[in-house]
Amino acid sequence: MTEKGGRGADNVEDAMSDIRSSFEFDYEQALTLTGFGWFHYRLLALCGLIYANTAIGITVMSFVLPSATCDFRMTSEDKGWLTAAPMLGMVVGSYFWGCLADTKGRRIVLIAALLLDGTVGLLSTAAQIFPIFMFLRFINGFAITGAMGICFPYLGEFQPTAYREKILCWMELFWTLGIIVLPCIAWLVIPLPLRWETTDGGVIFGSWNLFVALCAIPSLLLGLWLLYFPESPKFLIECGEPALALEILKDIYQTNTGRDRNECPVIRLKESDRSNTIMETHNRSIRTFNIHDPKHMKILLPEIWEQTKALCSSEFRRNTTLACLIQFGITTSYYTLMIWFPELFGRYEEYEKRYPNATVSVCDVSSIVLENVNDTLVDDFCGTEIDTKVYWHTLLLGIACIPTSLWLPLCVHRLGAKFFLMFSLAVAGLVTVGLAYVGNSTQNLILSCIFEALTSMGISTVYCVMVDLFPTNLRVMAAAFSLTFGRCGALLGNILFGFLVDLNCLVPIVLFSVMLFGSAILCFFLPDTGTTALQ
């Protein structure tokens with residue numbers, strides 16, 4: 001009798017379990033049922049503008065270099081260190097923000113990174129001493145890398161599988177927007193006859209200071225706008241908070257359909273299948289732990305270490321290695337040359353004024369520095385305004401990205417992300433080689449535009465692929481890990497270019513081309529993405 005009763009109870013429990021599971025939806029099903037509409041467009045606009053802002057934040061130094069040369073008495077080596085300072089901040093910040101985003105959430109970390117970037121950016125405009133200015137730009141790099149590394153996973157975790165890859169690829173258009181807006185702001189502000197100086201010359205505020213301040217304000221505004229958006233529901237599920245994730249999905253349903261949130265067909269969400277040590281041991285969400293509490297940090301640090309080790313496990317080791325090496329190769333080349341392009345444009349204009357109709361390569365034009373009487377760039381350019389053509393040429397770099405920015409999202413499903421990566425990096429490598437053989441500023445501009453269009457498309461595509469390569473609990477950490485490698489390359493590239501641009505610039509050009517070719521080959525070994533469900 002007892003045995004029959006026990007079997008009956010087991011059957012009832014199994015039946016009830018089947019009924020409950022029939023009303024439970026996994027995250028991909030829930031995203032599909034909430035629809036695709038106004039919420040997703042607003043989120044794309046927000047994350048896109050954050051990405052455009054990172055483009056401005058990273059390349060803002062390209063116009064500060066020639067503009068602040070006189071105030072800070074900078075040599076080429078000083079400029080190399082100044083451009084390297086934000087990159088060093090990115091190296092330090094990438095892993096830090098990644099760990100924080102996987103423990104406290106994507107949204108709160110994005111807000112913190114943006115507000116820090118904007119605040120420090122404003123403070124840097126008042127810096128009168130070169131080392132202090134360089135340190136504040138280091139903090140800017142530390143902050144902006146958090147926004148760059150997290151905005152893609154944050155956006156991607158709200159997208160259904162059918163839309164995810166295409167939506168993420170549209171982010172490239174926003175990067176292009178940032179590259180276009182930056183020279184426009186510089187063109188409007190830096191030539192202004194604005195210069196305020198104390199009688200003793202101890203405090204100077206010029207047009208380039210105002211330019212830096214204007215470029216810092218968008219970070220503050222975007223950080224405040226982000227307050228009106230929710231945390232990633234997928235992240236909340238991974239933290240063991242499916243009830244809160246469900247409430248967010250109901251809000252998304254209401255925004256997309258215009259119906260009452262209680263009409264949302266998603267009743268229950270399946271909990272994460274992945275084990276969460278903290279949840280199992282302490283029966284609380286990882287988000288509830290305070291990083292300022294030493295006791296909590298003793299609990300969080302082992303979990304962070306386990307996540308880091310997981311990236312090197314047999315399951316993810318191959319993808320992690322490929323992501324890191326590809327990021328290193330493409331980032332070293334792109335961020336170094338992109339930041340130095342306006343400086344090289346300026347040198348070309350100066351050279352062609354002195355020697356009209358002369359045929360000269362990028363490397364030869366830099367010898368103008370060594371021909372100076374005092375053997376310094378400072379005395380030669382101090383007080384010289386940036387030529388108008390420099391702004392126009394830099395603007396053309398951004399405009400050249402528009403075709404590739406449209407080509408990527410419109411054709412990514414047809415051609416695949418791997419094709420775009422391999423094509424863009426291989427051709428960019430050939431273009432980099434060509435930079436050593438240009439004969440005038442026009443040829444240099446054409447190749448620079450092609451290089452910018454292809455490499456920026458390649459970088460955005462890498463971020464898109466990263467979202468599908470790793471599960472939710474490792475996604476931001478993996479992005480941060482690979483970004484750290486990439487920023488190390490950018491750091492070394494800027495220092496190297498600063499030292500060699502006046503001595504033997506052929507060496508970094510050859511090195512950058514080899515890195516791009518190598519990254520293109522490594523992309524062949526990446527798995528196909530864009531068709532799998534969000535893990």
Of the accessible area of region 21-287, with the probe set at 1.4 angstrom, what percent is carbon plus sulfur? 64 percent
Exposure of S513 as accessible area (Å², to 10), given a probe of 1.4 Å and all protein chains: 10 Å²
Rounded to the nearest 10 Å², the 1.4 Å probe accessible area of E343 is 10 Å²
Electrostatic dipole magnitude of region 21-287 [Cβ: Lys, Arg +1; Asp, Glu -1; Cα centre; debye, to 20]: 220 debye
In whole Å, what is the distance between the alpha-carbon centres of region 29-90 and region 94-168? 9 Å
Computed FRET value (nearest 0.05) for F130 with I108, which takes r as the C-beta separation and R₀ as 60 Å: 0.95
Between L221 and W38, what is the FRET efficiency for a Förster distance of 22 Å, r being their Cβ-Cβ separation, to the nearest 0.05? 0.55
Counting only pairs 8 or more places apart or on different chains, how many lysine pairs in region 21-287 have C-alpha atoms closer than 29 Å? 10
Probe of 1.4 angstrom, ligands and nucleic acids ignored: what's the accessible area per residue over region 21-287, in square angstrom? 38 Å²
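The values are calculated or read from the model by the stated rules, or taken from the named source; none is laboratory data. Note that the structure is a prediction, hence the values are computed from the model and not measured. Cβ: placed from backbone, ideal geometry, glycine included. Neighbour counts: every protein chain shown. In case anyone asks, the SASA skips ligands and DNA or RNA and just uses the protein heavy atoms, side chains included. Shrake-Rupley method; radii C 1.70, N 1.55, O 1.52, S 1.80 Å.
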